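Coordinate-derived values only; no laboratory data. It should be emphasised that the depicted structure is a prediction, and the values quoted were computed from it without experimental measurement. Neighbour counts are summed over all protein chains in view; Cβ atoms, including those assigned to glycine, are modelled from backbone coordinates with ideal geometry.
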Amino acid sequence: MKFNSTSKTPGVKPEVEEKLFENIIDNLGKPKVTPSIQQQVINNSPKKLTPGVQQKILGTPKVQPQVKPKVRVETMSERIERITYQYDENDKRPVHLDNPLIVSQEDMTNRNLRPKQFSNMDPNSYPSNPKQKKALTTWEIMVDQAKNPKDKYDRESAKQVRQTILDSWKKPTMRKYLGEDELELIGRSKKQLEAKRKIEQERMKERPVYVEPFVYEPVPKLKDYMEEKAGFQPGITKDLIQLQSEIKKNMDYVMGRDDQKVESKESEENKNDQYKEDEDDR
């Protein structure tokens, strides 16, 4: 390695070193500015670019971020034009009917957003049909918009889209026609179901191996319960006879058949019989 006699840096000429120090001193205290993408392309180019090429690179316009289209509901004036065209004698077709970014108020309220399922017997379901073509484009934009809602209107639109997909999923005949991007919005795609299954398996592993079985206590029958509460065994027993006598005593009291009245009648009959016997003896 050769050292220059007037330079402390090996292999660097004094003029270049002086310019380097001058640039450092001039840039002291200044905020650090990040060069643009065009300037970085020029600085990192493996070949030295001519001034004309550099000017072309620096003169290229900045790439603007692409704004995704949004679907909206028709305004009141647009709705009046549509209803007038459909039901009145108005031959002028509204322009917004062919716009895939505008949905009618009725379709949004009734969640009639998903296009018809293709059928060979239904010409209205062909993609070449203008109405079906518009519905396909509108639904694709709304599904893409529902994946990343950014404001209140987007969240409300995403809610309608998810509810429409859920209504189709509840029908067994329509469930097989739903795509993975649609199922992902309602949490029923293959990846989501597989993730849920893995979580359930991990939870099952964390559970203890031995689980205490549930002890089932049989419910007694009504007949056995009544016999137990009755206090005596079935059949003619002392308890049954005592119970019947008490019931008869209560019935006699209620019906007015008192034991004292019966005893008085029996005493009167005995007196009459004794009086007759005395007369016969005389």
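Counted by Cβ distance under 14 Å from residue 199, the other residues give a net charge of +3, where Lys and Arg count +1 and Asp and Glu count -1. Computed over segment 140-197, the quotient of the alpha carbon radius of gyration and 2.2 N^0.38 Å is 1.15. Computed from label points 7 Å out along Cα-Cβ, the spacing between residue 147 and residue 224 is 6.5 nm.
Phi angles of segment 177-189 translate, via the Karplus equation with coefficients 6.51, -1.76, 1.60 and θ = phi - 60°, into HN-Hα couplings of 8, 7, x, 5, 5, 6, 5, 5, 6, 10, x, 10, 7 Hz per residue; Gly and Pro are given as x. Taking Lys and Arg as +1 and Asp and Glu as -1, the other residues whose beta-carbon sits under 13 Å from that of residue 54 total +3.
Would you mind checking the pairs 133/198; 152/191; 133/196; 48/68 and listing those with alpha carbons more than 31 angstrom apart? Long pairs (Cα-Cα over 31 Å): 133/198; 133/196; 48/68. In order along segment 85-99, phi translates into HN-Hα couplings of 5, 7, 10, 10, 7, 10, 7, 7, 7, x, 5, 6, 5, 8, 8 Hz, rounded to whole numbers, per the Karplus curve 6.51 cos²θ - 1.76 cosθ + 1.60 with θ = phi - 60° and x for Gly and Pro. Put simply, when 170-183, 94-107 are sorted by average Cβ atoms within 10 angstrom per residue, most first, you get 94-107, 170-183.
With θ taken as phi - 60° and the Karplus curve 6.51 cos²θ - 1.76 cosθ + 1.60 applied, the whole-hertz 3J(HN,Hα) list for segment 131-141 is 5, 5, 5, 5, 5, 5, 5, 4, 5, 4, 5 Hz, x standing for glycine and proline. The amide H of residue 73, built 1.01 Å from its N in the peptide plane, has 103 as neighbours under 5 Å, considering only residues 5 or more places off or on other chains.
Can you tell me the length gained on complete extension of the stretch residue 92 to residue 239, counting 0.36 nm per residue apart and subtracting the Cα distance? Walk me through the intermediate numbers first.
Values: separation 147, 0.36 × 147 = 52.92 nm, distance 10.11 nm.
Here the segment from residue 92 to residue 239 would lengthen by 42.8 nm.
Taken over the C-alpha atoms, segment 93-163 has Rg and Dmax values of 12.9, 41 angstrom.
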